[in-house]
1. Please go through the range 1-52 and pick out each residue that is more than 21 Å from Ala219 (Cβ to Cβ), among the small types (Gly, Ala, Ser), out of contact with any Lys or Arg (no Cβ under 7 Å at 6 or more places or on another chain) and not in a strand (DSSP E or B).
2. Quick check on the range 466-488. Is at least one of its residues outside any helix (DSSP H, G or I) and either acidic (Asp, Glu) or not assigned by TED's automatic domain parsing to the domain that holds Ile516 (or both)?
3. Under 8 Å by Cβ, and 6 or more places apart or on different chains, what pairs join a residue from the range 332-355 that is within 17 Å of Gly306 (Cα to Cα) and of a type in the set (A, V, I, L, M, F, W, C) with one that is within 16 Å of the ligand (Cβ to nearest atom) and assigned to a loop (DSSP other than H, G, I, E, B)?
4. So, restricting to helices (runs of 4 or more DSSP H) that lie completely within the range 282-383, which ones have at least 1 residues that are among the small types (Gly, Ala, Ser) and in contact with a helix residue (DSSP H, G or I) (Cβ under 8 Å, 6 or more places away or on another chain)?
5. Could you say which residue among Ile325, Ile368 is of a type in the set (A, V, I, L, M) and more than 11 Å from the ligand (Cβ to nearest atom)?
6. Would you be able to say whether some residue in the range 307-314 is more than 11 Å from the ligand (Cβ to nearest atom) and farther than 22 Å from Ala478 by Cα?
7. Going by the structure shown, is Ala302 within 26 Å of Glu394 (Cα to Cα), in contact (Cβ under 8 Å) with a residue 60 or more places away in the chain and either of a type in the set (Val, Ile, Thr) or crowded, with 24+ Cβ neighbours inside 10 Å (or both)?
Amino acid sequence: MCGIVGILGREPVAPSLIEALRRLEYRGYDSAGVATLEDGRLTRQRASGKLRNLEEKLAGAPLKGTIGIGHTRWATHGRPNEINAHPHANENVAVVHNGIIENFRELREELTKKGHVFVTQTDSEAVAHLVADFMREGATPQTAVASTLTRLKGAFALVFLFDGQDDLLIGARRGSPLAVGFGDGGAYLGSDALALAPFAREITYLEEDDWVVLTREKATFHNAAGNIVERPKRPLQAGSLMVDKGHFRHYMAKEMHEQPEVVGRTLAHYLDLASGTVRLPFELGFDAKALSRVTISACGTAFYAGLLARYWLERFARLSVDIDIASEFRYRESPLPEKGLMIVVSQSGETADTLAALRYARLQGQHILSIVNVETSTIARESDTVAHTLAGPEIGVASTKAFTCQLAVFACLALALGKARGVLSEKQERALVAELIATPGLMAEVLKDEARVEPVARDVARATSVLYLGRGPSYPLALEGALKLKELSYIHAEGYAAGELKHGPIALIDFAMPVIVLAPHDASLEKTVSNLQEVAARGGHLILVGPQSAKTAAAVELAGFIEMPETAAGPFAALVYALPAQLLAYHVAVFMGKDVDQPRNLAKSVTVE
Ligand code: M6R
C-alpha cells in the first residue's frame, strides 16, 4: 500500500528518492518523506498530502546526503498528517515501512515503559524504537534488525537507515514486496521494479522473511534463520520504464486508449493468429477432462473479470465455477475438490487478500493458475502456472487496461479448456477466436468516438445516485461500471442484474436517478429492452449504452444514448462494452474536477488486509 525506497548513491540522493517515490505514488499518496545522512547524522523532511508538497519543502531546504530512504504513505494507523509521515526516526535509526505491524500496541507499551517516547499514532514507529532499543543494549545495526524481526507480527516491508553509517541500508520483507537494484550510480531498495527502473539494470526480489544488508558494493541476503543465502538477479524489463502520460491529461486516459494495443498484444500471446485457433504459451499442468469445477478468487475489478469469465467457462468449457471475493473466500474454509483448479486474478499480484486465498487453495492441494499483470509479483511467484496479462504498467488507481487484458486471457483460457475437454469443435473454436480477434478493432472504434460520452457524463455528474443494469456478461460489467463511477467521482452507484430490477431496485426509479443500461446485441437483448421499458414507464432517467437497433427496439424516451457498434464481438462483447463504462466514469470525474489518477482514500496496490 505504501511505497518505500532506499538509495546508496555517490551524489546527493534526494532528487532520485523523489523520482522513485513519484513512480511509487500509485501505492499511496497521503503523505511523503525522505531521510538522508548529512555529516553522518540523520536528517529528514516530511509533508502531508501528495509528493509535490514534499518537493516544495525540499526546494526550500534541500537534503544533501548521498544515502537515504523515502516513503509515500497510504494511511492505516493514524491520520495522514506530517507527524505520522514516514520516515520515523530516533537518534539511532530511521525507518520506512509498508504493511501493518499487528503487535504494535504491545511493543509500544513495552518500549514506553523502558523510556522510549512515542510521538506518532502509527504502528511503524514501534519498529524504529525497537531497533534503537537493541542498539542501546550494544547490538550492531545488523543484529538489532535481526532481533527486531523476530519480535514483529504482521505483514511488512522495511528499509532502515542508521545514524553514523553512510555505507549501509538494511531491508526486510514479510508479506509485502521488496527488491534490491544494482546500477552504475549505486545500490537501491524499492517496493517494486517500477521504482527502481530509472536507476538499476538488474534487480533481486527478497523472498518471504528475507532481510538484506546493502552497501554500495554488495548485497548480502539472509533468510529467516539468519543464514546467508543467494537470490537470483533478473534484468529489469523494458516495460518498467514506460510510465509517462504521453500527450494525455491523465494516466487513466492514456491507459484506456492503450487498450486496443495491449488487448491485441495479450490475445496474440494466447492465440495462433495465423490459424485462428487457441494456443496457450504454457502447458495446462492439470488434467482438464478430469476437472469437475473451477474456483476463482480476486478483489475489486479483478473479481468482476472473474465473475464475467464464469459465463465463458461454463458455456465454452462446460465447467462449473465457484467464485468469491478473496477477503471472504480466504476465511470461508471452502472444501475444494481433489486436484482442483484455483484461478486467482490480480493486476498488481500483491493484493493481500488474493494472496491469502491463493495460499488457502495451495493448502487444499489445488493447481494454482494466476492471471497477473506484474509477472515478478508474489502471486505470480507462488503460482503453478502464470497467465500474464500484457497490459504494461498500470498507474491510474482505477483499473482499466488490466481489466480488459484479464478478460482477454480468461476468454482464451475458456476456449482452451473447452477444446481440451472436447466440448468445442474445431469449427466452433475458429468462430469464437474470430470474434475475439475482432475486439481490438472494435475497441479502437469506440475510443475514436469518445466525444459522444461527454454530454452523457455532464448529465450524470449532476446525480447523487446512479443505477447500472446488465444481463448475462453485462451484469458483471454493470458492477464494474458502478465501481468505476464511485471510485472516481464519489457518486453513489450500484450495479444490478437487469432481471433483478423488479425485485427491489425498481422502487428507486424517479426522474433524477440515471439508470445506465448496458445492452449489447446478444441473446438477451429482447429481455433487456423490456427492462428499459419498465424504467421508462415509471418516468426513469434512462441512459442506453448499446447499438442503434436496441434503441429502435426499445422505442422509449432516452436522457442519453452512447451508440455502440451493431455487431460487437458476440459473446465477448464485454471487452468492448467495458470501454464506455470506463469513459463515462472518467469524464464524469474530469467534469467534476476530481483527482482522476489518485482518487481519495484509495491506493493502487492493496497489500494490507
Ligand atoms: O492489483 P489487484 O488487481 O489485485 O487489485 C484489486 C483491486 O484492489 C482493484 O481492482 C481495485 O478495485 C481498483 N481500484 C478498481 O479500479
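The values are calculated or read from the model by the stated rules, or taken from the named source; none is laboratory data. Quick caveat, the model's predicted, so the values are computed rather than measured. Positions of Cβ are backbone-derived with ideal geometry, glycine not excepted, and every protein chain shown enters the neighbour counts.
1. Ala14, Gly40, Gly49
2. No, the range 466-488 contains no residue that is outside any helix (DSSP H, G or I) and either acidic (Asp, Glu) or not assigned by TED's automatic domain parsing to the domain that holds Ile516 (or both).
3. From residues that are within 17 Å of Gly306 (Cα to Cα) and of a type in the set (A, V, I, L, M, F, W, C), the pairs are Val344/Ser383; Leu355/Glu382.
4. Once the helices (runs of 4 or more DSSP H) in the range 282-383 are filtered for at least 1 residues that are among the small types (Gly, Ala, Ser) and in contact with a helix residue (DSSP H, G or I) (Cβ under 8 Å, 6 or more places away or on another chain), what remains is 300-317, 326-332, 352-363.
5. So the residue among Ile325, Ile368 that is of a type in the set (A, V, I, L, M) and more than 11 Å from the ligand (Cβ to nearest atom) is Ile368.
6. No, the range 307-314 contains no residue that is more than 11 Å from the ligand (Cβ to nearest atom) and farther than 22 Å from Ala478 by Cα.
7. Yes; evaluated as a whole, the condition is true for this residue.
Yes/no matrix, rows are residues, columns are (1) aliphatic (A, V, I, L, M); (2) assigned to a strand (DSSP E or B):
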{"residue": "Leu58", "(1), (2)": "yes, no"}
{"residue": "Gly68", "(1), (2)": "no, yes"}
{"residue": "Thr72", "(1), (2)": "no, yes"}
{"residue": "Ala75", "(1), (2)": "yes, no"}
{"residue": "Arg79", "(1), (2)": "no, no"}
{"residue": "Ile83", "(1), (2)": "yes, no"}
{"residue": "His97", "(1), (2)": "no, yes"}
{"residue": "Glu106", "(1), (2)": "no, no"}
{"residue": "Phe118", "(1), (2)": "no, no"}
